[in-house]
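Step one of this worksheet: look at the structure below.
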Amino acid sequence: MFDLSLKSLRAGLCVTLLLLSGSIFAQTTFQQKTLSNGLTIYVKEDHRAPVLITEVWYKVGGSYEPVGNTGISHLLEHMMFKGTPKHGLGEFSRLIAENGGKENAFTYDDFTAYYQQLAADKLPLAFELEADRMRHLNLNAADFNEEIKVVREERRWRTDNNPIGRMHEQFLSQAYVALPYHTPTVGWPADLQNISVEELRAWYQRWYAPNNAFIVVIGDVKADDVFKLAQKDFGPLKPMLLPVTNPQQELINPGARRINLSIPAQVPMLMIGYNVPTVMSDKNSIDPYALDVLNNILAGGDSARLQQNLVRHQELASDIGIDYELYKRFSSLFVIAAVPQQGVSIETLEKAIRAQIKSVQQKPVSAEELARVKRNVIANNIYQQDSIEDLAETVGTITAVGGDWREIDNYVAQVQKVTPQDVQRVAQQYLVPAQETVGVLTPLPSNTNDAAQSSPNGGTYVR
């Protein structure tokens, strides 16, 4: 089916121009300013509509948490909506809603972020509220005791009563040996039972400071006006002495690991993951970009190899996809997740997936296939920049893990450089047993509704 929408035509033109000459492609432009207290503000003017998105990012998440305090960053995210001495319980959300806005937050391994989508003239409201709760949050025992119940329940429905969630949690606990990504962002059950409001208050005071935060604003604004407003609202906040975090690195060739999880579920599931580098863990290397291209060759849409061969032609999988996070503080995983067709064994599906991996290891992809995949990757990149929400999240993620927002354009340039030999080499180097974790979910019968399952390719942020 042909998509003749204006957006697709514009993206197609940009891709064509970009492939002909990188200099023709209009680069993303952010303006930035760092206040004297260490808070940096990134602004992109976009005057297509009188709206904006503003996001406050804190460089702290699940990977920062010590043993015994897992889940504390996510719990603090919940408590950030409990009010301050100036704005009482529920007032933050009420004011945003009354002014026609939307707001939410999410916690992940390397960051916690809070965002509002508003009319462009409502930025002063968002800044005033965010500056207030950055250092003046109410953290009392009564609110804490209520909210910890909510978080425990969230863990139950997201993980304990969700086969995909349990499988994903167990898989990560084995796939990451030396890195703190092996603990769940939502927290281990025992930690959620024993955490105290005093520990939460100390965590807030330690990490929620202007010099450990940054702001992304995209929309119908003028950068100078945003900087002046940020100085007014956030400038008076004092910086904190931040804890020193030591560099961490995954084990080299940690060895093959395999887990088998038998729990009530509707369908079986297979996960095969490999420890691989990211842009931050392997700087100045083409490998992360080649891995992202490999991801798209294998699972980047209906024309990709896994979908073509295992879903449609051989009818071995009913659902299959790959998750590879290019931007993390440390190294990442290249995970193939699949659900077999009814009547197909996990062993048969695993063998077929390994055959697809072997095919890219033994023979370079053709120039035609690589060109097609690159066009799709670049088009998706352009689509992402067209959405202020997606662009803000991408810029925030890159910045939070230690990168530079200019990576948005560098990504396209690096993808263009990837050769068939690069794709073959990274497949041979990283998709090997010494860096492999396999997880198998075997369904057990259940008389309850606890075994509800979702797609194996769901999101991983905890909101």
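The values are calculated or read from the model by the stated rules, or taken from the named source; none is laboratory data. Please read these numbers as outputs of a predicted model, since none were measured by experiment. Virtual Cβ from ideal backbone geometry, glycine too; neighbours counted across all protein chains shown.
Residue count for the range 366-376 satisfying the condition of being among the small types (G, A, S) and part of a helix (DSSP H, G or I): 2. Taking into account only those residues within the range 190-211 that are assigned to a helix (DSSP H, G or I), touching a helix residue (DSSP H, G or I) at 6+ places or on another chain (Cβ under 7 Å) and not aliphatic (A, V, I, L, M), which is farthest from L129 (Cα to Cα)? So, considering only residues that are assigned to a helix (DSSP H, G or I), touching a helix residue (DSSP H, G or I) at 6+ places or on another chain (Cβ under 7 Å) and not aliphatic (A, V, I, L, M), the one farthest from L129 (Cα to Cα) is E199.
Right, F214: in a strand (DSSP E or B), modelled with pLDDT of 95 or more, of a type in the set (F, W, Y) and over 19 Å from A175 (Cα atoms) or not? So that I can check it myself, show each step before the final result.
Working: in a strand (DSSP E or B): yes; modelled with pLDDT of 95 or more: yes; of a type in the set (F, W, Y): yes; over 19 Å from A175 (Cα atoms): yes.
Against the criterion (in a strand (DSSP E or B), modelled with pLDDT of 95 or more, of a type in the set (F, W, Y) and over 19 Å from A175 (Cα atoms)), F214 qualifies.
Just so you know, in the range 298-310 the residues that are surrounded by fewer than 20 Cβ atoms within 10 Å (Cβ to Cβ) and at pLDDT below 95 include one that is nearest to the chain's Cα centre (by Cα), and it is G301.
For the range 311-326, give me each residue that is within 27 Å of the chain's Cα centre (by Cα) and not in a loop (DSSP other than H, G, I, E, B). Quick ask: steps written out before the conclusion?
We begin by selecting, within the range 311-326, every residue within 27 Å of the chain's Cα centre (by Cα); these are 311, 317-326.
Correct list: V311, A317, S318, D319, I320, G321, I322, D323, Y324.
Only one of the numbered conditions (1) over 21 Å from A213 (Cβ atoms); (2) over 19 Å from the mean Cα position of the chain (by Cα) is violated by K122, and that is (1). Scanning the range 377-422 for residues that are modelled with pLDDT of 95 or more, more than 22 Å from S331 (Cα to Cα) and part of a loop (DSSP other than H, G, I, E, B) yields one hit, T419. The set of residues from the range 233-259 being touching an Asp or Glu at 6+ places or on another chain (Cβ under 9 Å) and surrounded by 12 or more Cβ atoms within 10 Å (Cβ to Cβ) comprises D233, F234, A256, R257. The residues listed here are I353, I382; of these, the one that is within 29 Å of the chain's Cα centre (by Cα) and within 30 Å of V51 (Cα to Cα) is I382. Evaluate the following for Y411: is it surrounded by fewer than 19 Cβ atoms within 10 Å (Cβ to Cβ) and under 30 Å from I41 (Cα atoms)? No; evaluated as a whole, the condition is false for this residue.
Residue-by-condition table, conditions (1) more than 19 Å from I195 (Cα to Cα); (2) surrounded by fewer than 17 Cβ atoms within 10 Å (Cβ to Cβ); (3) touching a residue at least 40 places away in the same chain (Cβ under 8 Å):
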residue: E103; (1), (2), (3): yes, no, no
residue: D121; (1), (2), (3): yes, yes, yes
residue: R156; (1), (2), (3): no, yes, no
residue: H168; (1), (2), (3): yes, no, yes
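With respect to P456, is the statement that it is modelled with pLDDT under 95 and more than 30 Å from N212 (Cβ to Cβ) true? Considered against the rule, which asks whether it is modelled with pLDDT under 95 and more than 30 Å from N212 (Cβ to Cβ), P456 comes out as yes.
Summed over the range 269-286, residues that are crowded, with 20+ Cβ neighbours inside 10 Å and either of a type outside the set (S, T, N, Q) or under 19 Å from A338 (Cα atoms) (or both) total 11. Picking from residues in the range 83-98 that are in contact (Cβ under 8 Å) with a residue 24 or more places away in the chain and closer than 13 Å to L118 by Cα, the one that is surrounded by the most Cβ atoms within 10 Å (Cβ to Cβ) is I96.
Any residue at all in the range 360-372 that is surrounded by 16 or more Cβ atoms within 10 Å (Cβ to Cβ), free of Cβ contacts under 8 Å to residues at least 40 places away in the same chain and either outside the structural domain of W57 (by TED's automatic domain parsing) or in contact with a Cys (Cβ under 6 Å, 6 or more places away or on another chain) (or both)? No - not one qualifying residue is present in the range 360-372. Among the residues of the range 244-273, write down those that are closer than 15 Å to H182 by Cβ and within 22 Å of the chain's Cα centre (by Cα). Hits for the range 244-273 are Q248, Q249, E250, M271, G273.
None of Q174, Q116 is farther than 28 Å from G235 by Cβ and outside the structural domain of Y327 (by TED's automatic domain parsing) except Q174.
Note on the range 332-356: residues that are farther than 21 Å from L441 by Cα and either crowded, with 23+ Cβ neighbours inside 10 Å or of a type in the set (V, I, T) (or both) total 1. Among the residues of the range 51-61, is any outside any helix (DSSP H, G or I) and surrounded by fewer than 17 Cβ atoms within 10 Å (Cβ to Cβ)? Within the range 51-61 (the criterion being outside any helix (DSSP H, G or I) and surrounded by fewer than 17 Cβ atoms within 10 Å (Cβ to Cβ)), the answer is no, since none of the residues qualifies. For E128, the conditions (1) free of Cβ contacts under 8 Å to residues at least 60 places away in the same chain; (2) surrounded by fewer than 18 Cβ atoms within 10 Å (Cβ to Cβ); (3) under 30 Å from L52 (Cβ atoms) all hold with the exception of (1).
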